[in-house]
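Since the structure comes first, as structure tokens, the remarks are kept for the end.
The values are calculated or read from the model by the stated rules, or taken from the named source; none is laboratory data. Quick caveat, the model's predicted, so the values are computed rather than measured. Because the Cβ atoms are built from the backbone with ideal geometry, glycine has one as well, and the counts that use them run over all protein chains shown. In case anyone asks, the SASA skips ligands and DNA or RNA and just uses the protein heavy atoms, side chains included. Shrake-Rupley method; radii C 1.70, N 1.55, O 1.52, S 1.80 Å.
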Amino acid sequence: MAKQFIKRCRVRIILSFLSGLMLAAYFLLRSRRELMKLLSETIVRPLHRWLASQCDGLPFSVAELLIGGLGIGLLVYIIIETVLFFRKEEKGLRLASAAMTLLTCFCLVYGGFCLLWGVYYYADDFAAISGLSEEPVSVEQLQTVTEYFARLANESGANVSRDARGVYNGNRKAILAQSPEVFAGIEAEYPFLAGPAVHAKGIHFSKIMSLTDFTGFFFPFTGEANVNIDFPPSLLASTVAHELSHQRGVAREQEANFTAVLASLRYGDPDYVYSAALLAYTHLGNALYKADREAWEPIYESLSDEVKIDFAFNRAYWQQFETPVQSVSNTVYEGFLQSYGQKLGLQSYGACVDLLVNYYYDAACTELGK
């Protein structure tokens with residue numbers, strides 16, 4: 001049986017072996033920051049730029065097509081192999097061959113993911129390259145910057161489109177159409193964020209993303225920034241900027257949130273400014289609530305009715321997806337983040353607070369007269 005197995009699965013064995021070698025090299029060498037930096041700057045970033053440019057001309061997400069095709073293909077394969085297992089002889093050989101196929105697929109996908117995305121986590125991060133401080137901040141600093149973004153949310157929220165209920169109803173297609181321009185304003189200040197002017201892609205089956213609690217994802221095999229276009233649009237523009245941050249090499253979630261706010265505010269479009277203000281206030285407000293609820297309360301009460309309506313509308317949307325599927329998805333994704341050294345897991349999304357406070361504190365003091 002062993003000879004038959006090797007003969008039947010020769011290609012799969014070779015591919016799995018090569019993928020295994022690549023994974024072993026990655027896990028052994030990922031702690032060498034200079035090597036990871038070299039790989040990311042000379043291979044991964046240029047490849048992502050090229051892939052993103054090639055896919056940009058297509059009016060659909062190539063990532064969604066590949067993920068859906070792979071999922072359907074594997075499901076069909078498993079069904080066929082299950083039927084043949086009960087109908088054909090050599091059941092042991094057939095089972096081993098099927099297992100080899102699945103192992104090969106896993107090794108190729110996971111190995112490619114580590115090479116095309118994992119190296120970013122172990123190269124220099126945004127804070128290190130930019131020189132921006134992410135030192136811990138005081139409650140007073142946090143309160144000041146939270147108040148600053150609450151005021152910005154109120155002001156920018158008065159300049160965007162709303163429906164008869166007062167809910168923000170920005171045009172999703174227009175937001176996606178503007179996405180190639182979003183980072184132009186900060187590329188001069190941070191040249192390492194330069195990249196091709198490409199569109200974020202809306203996902204056709206966005207309801208499935210909502211079911212698994214995802215608003216967007218970067219797909220390293222195509223270089224595409226993909227976003228959920230079903231959830232309320234008040235945070236869509238900042239989600240677009242977040243995924244474009246990943247596309248430009250900002251791997252860590254807390255830093256991608258910060259660069260999303262920074263790029264969106266610098267871009268200056270009303271929809272992007274409002275969405276960035278909401279994103280920043282959400283993280284800052286949550287942090288202040290935990291640190292000093294008495295300081296948080298008057299700032300929250302200062303939010304305009306329109307801003308509170310948008311927050312309520314957003315909460316109501318996501319509450320309908322609070323199911324075991326969402327819980328499992330969050331657990332898996334938290335494990336994924338931790339496997340790449342983000343020890344806070346999903347909590348690392350809140351770590352952008354330090355960057356926001358350190359960057360915007362002086363501006364906040366000036367604006368608020370402190």
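Filter segment 160-173 down to the residues that are open to solvent by 50 Å² or more (accessible area, probe 1.4 Å) and either in contact with an Asp or Glu (Cβ under 9 Å, 6 or more places away or on another chain) or part of a helix (DSSP H, G or I) (or both) and list them by number.
So in segment 160-173, the residues open to solvent by 50 Å² or more (accessible area, probe 1.4 Å) come out as 161-162, 164-165, 169, 171-173.
Of everything in segment 160-173, those that are open to solvent by 50 Å² or more (accessible area, probe 1.4 Å) and either in contact with an Asp or Glu (Cβ under 9 Å, 6 or more places away or on another chain) or part of a helix (DSSP H, G or I) (or both) turn out to be S161, R162, N169, N171, R172, K173.
Note on segment 52-65: residues that are over 18 Å from the mean Cα position of the chain (by Cα), closer than 17 Å to F217 by Cα and not acidic (D, E) amount to 3.
Among residues that are loosely packed, with under 13 Cβ neighbours inside 10 Å and without any contact (Cβ under 8 Å) to a residue 12 or more places away in the chain, I43 is not included. Checked against (1) within 26 Å of P180 (Cβ to Cβ); (2) of a type outside the set (D, E); (3) in contact with a Phe, Trp or Tyr (Cβ under 8 Å, 6 or more places away or on another chain), C55 meets all criteria but (3).
Taken over segment 338-370, residues that are modelled with pLDDT under 90, more than 15 Å from H283 (Cα to Cα) and open to solvent by less than 60 Å² (accessible area, probe 1.4 Å) amount to 5. Scan segment 307-323 for residues that are assigned to a helix (DSSP H, G or I) and among the hydroxyl-bearing types (S, T, Y) and the total you get is 1.
Yes/no matrix, rows are residues, columns are (1) surrounded by 23 or more Cβ atoms within 10 Å (Cβ to Cβ); (2) of a type outside the set (F, W, Y); (3) part of a loop (DSSP other than H, G, I, E, B); (4) modelled with pLDDT under 95:
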residue	(1), (2), (3), (4)
I175	yes, yes, no, no
E189	no, yes, yes, yes
V198	no, yes, yes, no
M209	no, yes, no, yes
F214	no, no, yes, yes
F218	yes, no, no, no
N226	yes, yes, no, no
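No other residue among L262, L284, L279, L303 is surrounded by 24 or more Cβ atoms within 10 Å (Cβ to Cβ) and more than 30 Å from R45 (Cα to Cα) apart from L284. Annotation: R151 fulfils all but one of (1) closer than 18 Å to A256 by Cα; (2) open to solvent by 60 Å² or more (accessible area, probe 1.4 Å); the unmet one is (1). Please specify each residue of segment 129-142 satisfying the condition of being modelled with pLDDT of 90 or more and either buried (at least 23 other Cβ atoms within 10 Å of the Cβ) or more than 24 Å from K290 (Cβ to Cβ) (or both). Scanning segment 129-142 gives I129, S130, L142. Looking across segment 144-188, the residues that are over 15 Å from S264 (Cα atoms) and among the charged types (D, E, K, R) come down to E147, R151, E155, R162, D163, R165, R172, K173. Does V119 satisfy being closer than 27 Å to K201 by Cα, touching a Leu at 6+ places or on another chain (Cβ under 7 Å), touching a residue at least 40 places away in the same chain (Cβ under 8 Å) and in a helix (DSSP H, G or I)? It is true that V119 is closer than 27 Å to K201 by Cα, touching a Leu at 6+ places or on another chain (Cβ under 7 Å), touching a residue at least 40 places away in the same chain (Cβ under 8 Å) and in a helix (DSSP H, G or I).
Within segment 92-110, residues that are free of Cβ contacts under 8 Å to residues at least 24 places away in the same chain and farther than 22 Å from L23 by Cβ reach partners that are open to solvent by 40 Å² or more (accessible area, probe 1.4 Å) and assigned to a helix (DSSP H, G or I) with beta carbons closer than 7 Å, at six or more positions or on different chains, in the pairs R94/L84; R94/F85; L95/F85.
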